[in-house]
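Data first, discussion second: the structure below is written as structure tokens.
The values are calculated or read from the model by the stated rules, or taken from the named source; none is laboratory data. Predicted model only: the values in this text are computed from it and were never measured. Ideal geometry is used to build each Cβ from the backbone, glycine not excepted, and the neighbour counts take in all protein chains shown. Just the protein is used for accessible areas: all its heavy atoms, side chains included, with ligands, DNA and RNA removed. Shrake-Rupley method; radii C 1.70, N 1.55, O 1.52, S 1.80 Å.
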Amino acid sequence: DLMRLAELGEHLRERQPVRDHQHLAQQALGRLALQRNVRFHRARADLERAHWYEPAQRLDRLEAYQAAAERLDEVARQVTLDEPLAWQVIAARARALRETEQLEAALDVLVPPSVRASDEAWLGWLDQAPADLRGRLVAERFRLEKAAGAGEAAGRWTVLAIEGRFGRSAELDLAILERLLDRFETTKDSQFQDQAVAWGKQIEAEHGPYW
């Protein structure tokens, strides 16, 4: 019995370094996850701060968007597409880059070269994203293409959205409203104005007055 206890003690001593190593590795991964989450939420705060600057505070606004983009770049290097956070980072990075007029960089983030050959390729890539984030990503693509001077072509995304291709989300509904207002501005057709008013009321009813 004493011999068996001694052997058991020796076995436990041999296993201890392995357990210690695993524990340290888990702690390191936990710290990394915490650091990237903190960076992401600080970037989100920068985006919100930039959004609320007055038009006269253009430089402050750009600096806040640039700060967000830099933080998000760091987080993007630490996530993979099988993590929901990665898709949140993609949407936020694309927005920050678009707002600072870095449109090519925003395109690389939102529409990677590997899926740029066709809309179908991009939609297949998009289907990997969590369902509740797809609307935000589509809304950002609509705004990016519009910022690049392709507003008419960008309208195809809002058509698909109205047809229900991407589910419902506040960001996507807001992009549809923006499209209706654009159509009214370019055509002066009152039907688009009426549709925009109705859509705006629907947004307020479903998502609240904030939107």
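Evaluated against (1) touching a Ser or Thr at 6+ places or on another chain (Cβ under 7 Å); (2) not in a helix (DSSP H, G or I), Q128 falls short on exactly one condition, (1).
Under the condition of being touching a residue at least 40 places away in the same chain (Cβ under 8 Å) and either among the aromatic types (F, W, Y) or open to solvent by 60 Å² or more (accessible area, probe 1.4 Å) (or both), the residues counted in the stretch 46-69 number 0. Could you check, for the stretch 151-164, whether at least one of its residues is charged (D, E, K, R) and in contact with a helix residue (DSSP H, G or I) (Cβ under 6 Å, 6 or more places away or on another chain)? No.
Looking at G151, is it at negative phi, surrounded by fewer than 19 Cβ atoms within 10 Å (Cβ to Cβ) and either of a type in the set (D, E) or at pLDDT below 95 (or both)? Against the criterion (at negative phi, surrounded by fewer than 19 Cβ atoms within 10 Å (Cβ to Cβ) and either of a type in the set (D, E) or at pLDDT below 95 (or both)), G151 qualifies. Within the stretch 79-108, being in a helix (DSSP H, G or I) and free of Cβ contacts under 8 Å to residues at least 24 places away in the same chain holds for A86, E104, A105, D108. Total residues in the stretch 53-67 satisfying the condition of being more than 19 Å from A91 (Cα to Cα) and aromatic (F, W, Y): the figure is 1. From the list R165, R179, R183, the one residue that fits, being of a type in the set (K, R), under 24 Å from the mean Cα position of the chain (by Cα) and in a helix (DSSP H, G or I), is R179. Residues in the stretch 188-197 that are part of a helix (DSSP H, G or I) and open to solvent by less than 60 Å² (accessible area, probe 1.4 Å): F192, A196. None of L85, L97, L144, L72 is out of contact with any Phe, Trp or Tyr (no Cβ under 6 Å at 6 or more places or on another chain), surrounded by 21 or more Cβ atoms within 10 Å (Cβ to Cβ) and under 24 Å from H207 (Cβ atoms) except L144.
For the stretch 89-123, a residue qualifies if it is among the charged types (D, E, K, R) and either touching a Lys or Arg at 6+ places or on another chain (Cβ under 7 Å) or more than 13 Å from R143 (Cα to Cα) (or both), and the qualifying residues are R93, R98, E104, D108, R116, D119, E120.
Scanning the stretch 120-133 for residues that are surrounded by 15 or more Cβ atoms within 10 Å (Cβ to Cβ) and farther than 14 Å from F166 by Cα yields nothing.
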